[in-house]
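**Student:** Right, I'll just put the structure down here and ask away after.
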Amino acid sequence: MKAVILAGGLGTRLQPYTTFLPKPMLPLGEKPLLEHLIEWLRRNKVEEIVLCVSYLRKTIEDYFEDGSRFGVKVEYAIADKPLATAGQLKTAESFVDDTFVCVYGDSVFNFDLKKMIAQHKAKKSFITMSLHQYKTNLKYGVIETAKSGKVTVWNEKPEIKANINIGCYVMEPGVFSYIPQAKPYGMDDVIKKALARKKDVGSFIIKNGFIDIGDKASYKKAYQEFREKLGKI
């Protein structure tokens, strides 16, 4: 099975770190983020990888080359402009002809991908999304009212629970027909289109094994975690 890694984003929320380095090449511990991601895929028996690259792509290509140094085979799908998540994925269409994994190149995963793939195949899903059980507390008191306007309940800083998308999918190659050519297009648009066409979109929920590198605050937190791990070796 192949994996497609979306590694062409501009990383604008991580400026100025991403001025000279593409976001997937930011260091975590002693390795770039993207190397951690490729090692996780290899541990889960996914050893053929398509990297969708664009912004500062030579940095990625020069580091990973054909992937042999990392125990995988790497190919490159190249875009000359930002295309959003699904638009990037479209550039890999010619490399994929069977069930495949798609992951965003700005996260670190450590869950059982093999189990997710097995579930996808067993249920014959069109797309399986990985979801994370996320909890947060609102910063404000939430006030419930009756139709008359009378206050009925005061919930102070309530805990909100939700399943959030973490950017790892198992997909059938038919998904490419849902994405326009050479045009910015979001993965949410693809999922909405699949649901509208009554395609089977499944979920695989994880409780841990996910680190998002979305902005400077989350990168700093992840970087510190990896520094602490290195200190224990």
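The values are calculated or read from the model by the stated rules, or taken from the named source; none is laboratory data. Quick caveat: nothing in here was measured; it's all calculated off a predicted structure. Quick reminder, even Gly has a Cβ in these numbers, built from the backbone with ideal geometry, and neighbours come from all protein chains shown. To get the accessible areas, we keep the full protein, side chains included, count just its heavy atoms, and leave off ligands, DNA and RNA. Shrake-Rupley method; radii C 1.70, N 1.55, O 1.52, S 1.80 Å.
**Student:** For a quick protection proxy, order the peptides 34-44, 109-119 by their average other-Cβ count within 10 Å, most packed first. List each step's numbers first, then the result.
**Tutor:** On the way: 34-44: 19.5, 109-119: 17.1.
The peptides rank, most packed first, as 34-44, 109-119.
**Student:** Hey, another quick one. Beyond a 26 Å Cα-Cα separation, which of these cross-linked pairs lie in this structure: K2/K58; K2/K81; K2/K31; K124/K221; K121/K221; K45/K192?
**Tutor:** Numbers: K2/K58 22 Å; K2/K81 24 Å; K2/K31 23 Å; K124/K221 38 Å; K121/K221 35 Å; K45/K192 30 Å.
Distance filter (> 26 Å) returns K124/K221; K121/K221; K45/K192.
**Student:** Another question about this same structure. Given a 1.4 Å probe and every protein chain left where it sits, what share in percent of the accessible area of the chain is carbon and sulfur?
**Tutor:** Numbers: 6570 of 12640 Å².
For the chain, the apolar C and S fraction of the accessible surface comes to 52 percent.
**Student:** Could you tell me how many degrees, from 0 to 90 and to the nearest 10, lie between the Cα long axis of helix 33-43 and the main elongation axis, the longest principal axis, of the Cα atoms of the chain?
**Tutor:** Long axis of 33-43 versus the principal axis of the chain: about 80 degrees.
**Student:** On to the next question. State, as an integer percentage, the relative contact order of the chain based on alpha-carbon contacts under 8 Å between residues 6 or more apart. It would help to have the intermediate numbers written out before the result.
**Tutor:** On the way: 432 pairs, mean separation 56.6, N = 233.
It comes to 24 percent, rounded to a whole number.
**Student:** Hey, another quick one. Would you please give the residues with an amide H less than 5 Å from that of V50, counting only those at least 5 places away or on a separate chain, with H modeled from the backbone geometry?
**Tutor:** Result for V50 returns A3, V4, I5, E75.
**Student:** All other residues with a Cβ under 10 Å from the Cβ of A86 taken together, and with Lys, Arg as +1 and Asp, Glu as -1, what is their net charge?
**Tutor:** Values: positive: K90, K183, K193; negative: D188, D189.
The answer is +1.
**Student:** Something else now. Pull up the DSSP beta bridges for the chain and report the antiparallel fraction as a percent, rounded to 5.
**Tutor:** Numbers: 24 of 46 bridges.
Taking every DSSP beta bridge with both residues in the chain, the antiparallel ones total about 50 percent.
**Student:** Rounding to the nearest 10 and keeping the result within 0 to 90°, find how far the Cα-based axis of helix 216-231 lies from the longest principal axis of the chain.
**Tutor:** 60 degrees
**Student:** Between K161 and S94, what is 0.36 nm times their sequence separation minus the Cα-Cα distance? Round to one decimal in nm. Working shown, then result.
**Tutor:** Details: separation 67, 0.36 × 67 = 24.12 nm, distance 3.93 nm.
Taking 0.36 nm per residue and subtracting the Cα distance, the gain is 20.2 nm.
**Student:** Using DSSP to define loop residues, name the chymotrypsin sites (Phe, Trp or Tyr not before Pro) in region 132-206 whose beta-carbon has at most 12 other beta-carbon atoms within 10 Å. Write down the numbers at each step before the final one.
**Tutor:** Details: sites: Y134, Y140, W154, Y169, F176, Y178, Y185, F204; in loops: Y140, Y185.
Answer by residue number: Y140.
**Student:** Could you work out which residue, out of G141, G67, G149, moves most in a Gaussian network model of the chain, that is, has the largest mean-square fluctuation with Cα springs under 10 Å?
**Tutor:** Result for the chain, Cα springs under 10 Å: G149 fluctuates most.
**Student:** Express the accessible area of the chain per residue in Å², computed with a 1.4 Å probe while the remaining protein chains stay in the model.
**Tutor:** Numbers: 12640 Å² over 233 residues.
For the chain, the solvent-accessible area averages 54 Å² per residue.
**Student:** Turning to a different aspect of this structure: Taking the Cα-to-Cβ direction at D66 and at A118 and moving 7 Å from each Cα, how far apart do the two end points lie in nm?
**Tutor:** With each label point 7 Å from Cα toward Cβ, the separation is 3.4 nm.
**Student:** Something else now. Just need log10 I(q)/I(0) for region 78-233 at q = 0.09, 0.13, 0.15 Å⁻¹, Debye formula, equal scatterers on the alpha-carbon atoms, no solvent, rounded to two decimals.
**Tutor:** Once normalised to I(0) and log-transformed, intensities are -0.43, -0.79, -0.94.
**Student:** In the Gaussian network model of the chain, springs joining C-alpha atoms below 10 Å, which of V101, V46, V142 carries the largest mean-square fluctuation?
**Tutor:** In the Gaussian network model the winner is V142.
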